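First comes the structure, then the notes that go with it.
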Amino acid sequence: MLPLFSVSARRLALAIALVALASVVAQFLHLNARRAEPAWITAWDMARYFTILTNLMVAVSFAILARPLRRKVPYAGLAALTLSMIMVGVIYHLLLADLVDYTGLGWWADHGLHTVGPIAITLWWLRFAAQRVLSFAALPVFALWPAAYGVYVLVRGALDGVYPYPFVDLTVQPPGVVAMNLAVLLASFLLGGVGMVAIARFANR
(Lines give C-alpha, C1' and ligand atoms only; values in the text may rest on other atoms or scores of the structure.)
Protein backbone atom coordinates (compact mmCIF):
# COMPACT_ATOMS: atom_id res chain seq x y z
CA MET A 1 0.00 0.00 0.00
CA LEU A 2 1.20 3.48 -0.81
CA PRO A 3 1.27 6.35 1.68
CA LEU A 4 -1.53 8.84 1.84
CA PHE A 5 -1.47 11.96 -0.24
CA SER A 6 -0.95 15.05 1.89
CA VAL A 7 -3.90 16.86 3.44
CA SER A 8 -3.55 19.71 0.94
CA ALA A 9 -3.45 17.23 -1.98
CA ARG A 10 -6.61 15.53 -0.73
CA ARG A 11 -8.43 18.80 -0.19
CA LEU A 12 -7.56 19.98 -3.67
CA ALA A 13 -8.56 16.59 -5.07
CA LEU A 14 -11.97 17.01 -3.44
CA ALA A 15 -12.26 20.53 -4.91
CA ILE A 16 -11.47 19.15 -8.38
CA ALA A 17 -14.07 16.40 -7.94
CA LEU A 18 -16.68 18.98 -6.93
CA VAL A 19 -15.83 21.27 -9.87
CA ALA A 20 -16.17 18.36 -12.30
CA LEU A 21 -19.47 17.22 -10.81
CA ALA A 22 -20.87 20.76 -10.54
CA SER A 23 -19.95 21.47 -14.15
CA VAL A 24 -21.74 18.35 -15.37
CA VAL A 25 -24.81 19.15 -13.28
CA ALA A 26 -24.81 22.76 -14.49
CA GLN A 27 -24.61 21.58 -18.09
CA PHE A 28 -27.51 19.21 -17.48
CA LEU A 29 -29.66 21.96 -15.92
CA HIS A 30 -28.81 24.34 -18.75
CA LEU A 31 -29.66 21.86 -21.49
CA ASN A 32 -32.74 20.43 -19.78
CA ALA A 33 -34.21 23.92 -19.29
CA ARG A 34 -34.00 24.49 -23.05
CA ARG A 35 -35.65 21.21 -24.05
CA ALA A 36 -39.26 20.06 -23.89
CA GLU A 37 -38.33 16.48 -23.07
CA PRO A 38 -37.87 14.26 -20.02
CA ALA A 39 -34.73 14.75 -17.95
CA TRP A 40 -33.52 11.22 -18.64
CA ILE A 41 -33.35 11.96 -22.38
CA THR A 42 -31.14 14.99 -21.70
CA ALA A 43 -28.90 12.84 -19.50
CA TRP A 44 -28.74 10.11 -22.15
CA ASP A 45 -27.84 12.64 -24.84
CA MET A 46 -25.11 14.12 -22.63
CA ALA A 47 -23.66 10.63 -22.21
CA ARG A 48 -22.55 10.76 -25.85
CA TYR A 49 -19.80 13.23 -25.09
CA PHE A 50 -16.20 12.45 -24.20
CA THR A 51 -16.10 15.65 -22.16
CA ILE A 52 -19.05 14.67 -19.97
CA LEU A 53 -17.95 11.09 -19.42
CA THR A 54 -14.36 12.12 -18.66
CA ASN A 55 -15.47 14.76 -16.16
CA LEU A 56 -17.64 12.18 -14.43
CA MET A 57 -14.61 9.88 -14.23
CA VAL A 58 -12.66 12.76 -12.68
CA ALA A 59 -15.44 13.42 -10.16
CA VAL A 60 -15.44 9.79 -9.00
CA SER A 61 -11.66 9.25 -9.11
CA PHE A 62 -10.73 12.44 -7.29
CA ALA A 63 -13.45 11.95 -4.68
CA ILE A 64 -11.80 8.60 -3.94
CA LEU A 65 -8.34 10.20 -3.83
CA ALA A 66 -9.66 12.76 -1.34
CA ARG A 67 -10.55 10.09 1.21
CA PRO A 68 -8.00 9.65 4.06
CA LEU A 69 -7.41 5.97 3.39
CA ARG A 70 -4.28 4.09 2.42
CA ARG A 71 -4.69 2.41 -0.94
CA LYS A 72 -2.84 1.39 -4.04
CA VAL A 73 -2.99 4.24 -6.52
CA PRO A 74 -2.85 3.34 -10.24
CA TYR A 75 -0.49 6.17 -11.18
CA ALA A 76 -0.54 5.26 -14.88
CA GLY A 77 -4.32 5.44 -14.86
CA LEU A 78 -4.21 8.75 -12.99
CA ALA A 79 -1.77 10.17 -15.54
CA ALA A 80 -3.97 8.87 -18.37
CA LEU A 81 -7.04 10.52 -16.85
CA THR A 82 -5.11 13.76 -16.52
CA LEU A 83 -4.09 13.55 -20.17
CA SER A 84 -7.70 12.90 -21.17
CA MET A 85 -8.74 16.12 -19.43
CA ILE A 86 -5.88 18.00 -21.07
CA MET A 87 -7.10 16.74 -24.46
CA VAL A 88 -10.66 17.78 -23.55
CA GLY A 89 -9.45 21.34 -23.09
CA VAL A 90 -7.08 21.45 -26.05
CA ILE A 91 -9.43 19.88 -28.62
CA TYR A 92 -12.36 21.97 -27.44
CA HIS A 93 -10.55 25.29 -27.62
CA LEU A 94 -8.85 24.48 -30.93
CA LEU A 95 -11.73 22.85 -32.82
CA LEU A 96 -15.08 23.14 -31.06
CA ALA A 97 -15.32 26.35 -29.05
CA ASP A 98 -16.81 28.36 -31.93
CA LEU A 99 -19.59 25.86 -32.67
CA VAL A 100 -21.80 26.91 -29.74
CA ASP A 101 -22.09 30.28 -28.00
CA TYR A 102 -23.22 29.60 -24.43
CA THR A 103 -24.66 32.22 -22.08
CA GLY A 104 -25.67 32.23 -18.43
CA LEU A 105 -25.43 28.90 -16.64
CA GLY A 106 -24.31 27.25 -19.87
CA TRP A 107 -21.27 29.55 -20.02
CA TRP A 108 -20.21 28.56 -16.50
CA ALA A 109 -20.74 24.88 -17.25
CA ASP A 110 -18.85 25.16 -20.53
CA HIS A 111 -15.78 26.70 -18.94
CA GLY A 112 -15.92 24.40 -15.94
CA LEU A 113 -15.88 21.36 -18.21
CA HIS A 114 -13.37 22.57 -20.78
CA THR A 115 -11.14 25.13 -19.04
CA VAL A 116 -11.17 25.13 -15.24
CA GLY A 117 -11.28 21.34 -14.90
CA PRO A 118 -8.43 20.56 -17.31
CA ILE A 119 -6.20 23.27 -15.85
CA ALA A 120 -6.92 22.24 -12.25
CA ILE A 121 -6.25 18.52 -12.76
CA THR A 122 -3.07 19.26 -14.72
CA LEU A 123 -1.71 21.46 -11.94
CA TRP A 124 -2.72 18.88 -9.32
CA TRP A 125 -0.96 16.08 -11.19
CA LEU A 126 2.20 18.15 -11.69
CA ARG A 127 2.31 19.08 -8.00
CA PHE A 128 1.29 15.86 -6.29
CA ALA A 129 1.61 12.90 -8.66
CA ALA A 130 4.07 13.64 -11.46
CA GLN A 131 7.05 12.53 -9.36
CA ARG A 132 5.71 8.97 -9.17
CA VAL A 133 7.50 6.48 -11.39
CA LEU A 134 5.93 5.87 -14.80
CA SER A 135 7.46 3.69 -17.48
CA PHE A 136 7.03 3.72 -21.23
CA ALA A 137 5.54 0.24 -20.87
CA ALA A 138 2.46 2.03 -19.51
CA LEU A 139 1.83 3.87 -22.80
CA PRO A 140 -1.09 1.61 -23.88
CA VAL A 141 -2.97 2.77 -20.77
CA PHE A 142 -3.12 6.28 -22.24
CA ALA A 143 -5.02 5.00 -25.30
CA LEU A 144 -7.48 2.71 -23.50
CA TRP A 145 -10.18 5.26 -22.66
CA PRO A 146 -10.13 7.16 -26.00
CA ALA A 147 -10.16 3.86 -27.91
CA ALA A 148 -13.09 2.56 -25.86
CA TYR A 149 -14.91 5.86 -26.36
CA GLY A 150 -14.30 5.73 -30.12
CA VAL A 151 -15.95 2.32 -30.32
CA TYR A 152 -18.82 3.46 -28.08
CA VAL A 153 -19.57 6.63 -30.04
CA LEU A 154 -19.49 4.85 -33.40
CA VAL A 155 -21.82 2.10 -32.16
CA ARG A 156 -24.27 4.64 -30.71
CA GLY A 157 -24.12 6.67 -33.89
CA ALA A 158 -24.77 3.62 -36.03
CA LEU A 159 -27.86 2.86 -33.95
CA ASP A 160 -29.47 6.31 -33.87
CA GLY A 161 -27.62 8.35 -36.50
CA VAL A 162 -26.41 10.97 -34.02
CA TYR A 163 -22.71 11.73 -33.58
CA PRO A 164 -21.44 14.15 -30.93
CA TYR A 165 -18.44 15.59 -32.79
CA PRO A 166 -17.97 16.59 -36.46
CA PHE A 167 -14.75 14.61 -36.88
CA VAL A 168 -16.52 11.29 -36.08
CA ASP A 169 -19.81 12.08 -37.85
CA LEU A 170 -20.38 9.36 -40.44
CA THR A 171 -23.41 11.22 -41.77
CA VAL A 172 -21.14 13.94 -43.20
CA GLN A 173 -17.69 12.31 -43.31
CA PRO A 174 -16.63 9.25 -45.35
CA PRO A 175 -15.69 6.23 -43.22
CA GLY A 176 -12.05 6.54 -44.29
CA VAL A 177 -11.89 10.12 -43.05
CA VAL A 178 -13.49 9.19 -39.72
CA ALA A 179 -11.05 6.29 -39.34
CA MET A 180 -8.14 8.61 -40.07
CA ASN A 181 -9.45 11.18 -37.57
CA LEU A 182 -9.70 8.53 -34.86
CA ALA A 183 -6.24 7.19 -35.70
CA VAL A 184 -4.79 10.69 -35.40
CA LEU A 185 -6.61 11.16 -32.11
CA LEU A 186 -5.24 7.91 -30.67
CA ALA A 187 -1.76 8.79 -31.91
CA SER A 188 -2.11 12.15 -30.16
CA PHE A 189 -3.00 10.40 -26.91
CA LEU A 190 -0.01 8.08 -27.23
CA LEU A 191 2.27 11.02 -28.00
CA GLY A 192 0.80 12.84 -25.01
CA GLY A 193 1.48 9.72 -22.95
CA VAL A 194 5.13 9.87 -23.98
CA GLY A 195 5.21 13.43 -22.69
CA MET A 196 3.55 12.47 -19.40
CA VAL A 197 6.00 9.60 -18.82
CA ALA A 198 8.93 11.89 -19.68
CA ILE A 199 7.70 14.51 -17.19
CA ALA A 200 7.25 11.85 -14.50
CA ARG A 201 10.73 10.40 -15.10
CA PHE A 202 12.28 13.85 -14.93
CA ALA A 203 10.31 14.82 -11.80
CA ASN A 204 11.28 11.53 -10.12
CA ARG A 205 14.92 12.58 -10.24
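The values are calculated or read from the model by the stated rules, or taken from the named source; none is laboratory data. This is a predicted model, so every value here is computed, not measured. When we count neighbours, we look across all protein chains shown, and the Cβ atoms used for this are built from the backbone with ideal geometry, even at glycine. Each accessible area value is taken on the protein alone, full model and side chains, heavy atoms only, with ligands, DNA and RNA left out. Shrake-Rupley method; radii C 1.70, N 1.55, O 1.52, S 1.80 Å.
Annotations for the structure displayed:
- Only a single criterion out of (1) at pLDDT 90 or above; (2) over 17 Å from V25 (Cβ atoms); (3) polar (S, T, N, Q) is not satisfied by N55, namely (2).
Residue-by-condition table, conditions (1) at pLDDT 95 or above; (2) part of a helix (DSSP H, G or I); (3) within 30 Å of S8 (Cα to Cα):
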position: L95; (1), (2), (3): no, yes, no
position: R127; (1), (2), (3): no, yes, yes
position: L154; (1), (2), (3): yes, yes, no
position: A200; (1), (2), (3): no, yes, yes
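- Condition broken by L99, with the remaining ones in (1) at pLDDT 95 or above; (2) part of a loop (DSSP other than H, G, I, E, B); (3) not acidic (D, E) satisfied: (1)
- Scanning the stretch 159-205 for residues that are open to solvent by 30 Å² or more (accessible area, probe 1.4 Å) and of a type in the set (S, T, Y) turns up Y163, T171, S188.
- Restricting attention to the stretch 160-182, the residues that are over 21 Å from the mean Cα position of the chain (by Cα), assigned to a loop (DSSP other than H, G, I, E, B) and of a type outside the set (A, V, I, L, M) add up to 4.
- Screening the stretch 1-53 for residues that are of a type in the set (S, T, Y) and closer than 27 Å to V155 by Cβ and picking the one that is nearest to the chain's Cα centre (by Cα) gives T51.
- Taken together, I119, I86 contain a single residue that is surrounded by fewer than 16 Cβ atoms within 10 Å (Cβ to Cβ) and part of a helix (DSSP H, G or I), which is I119.
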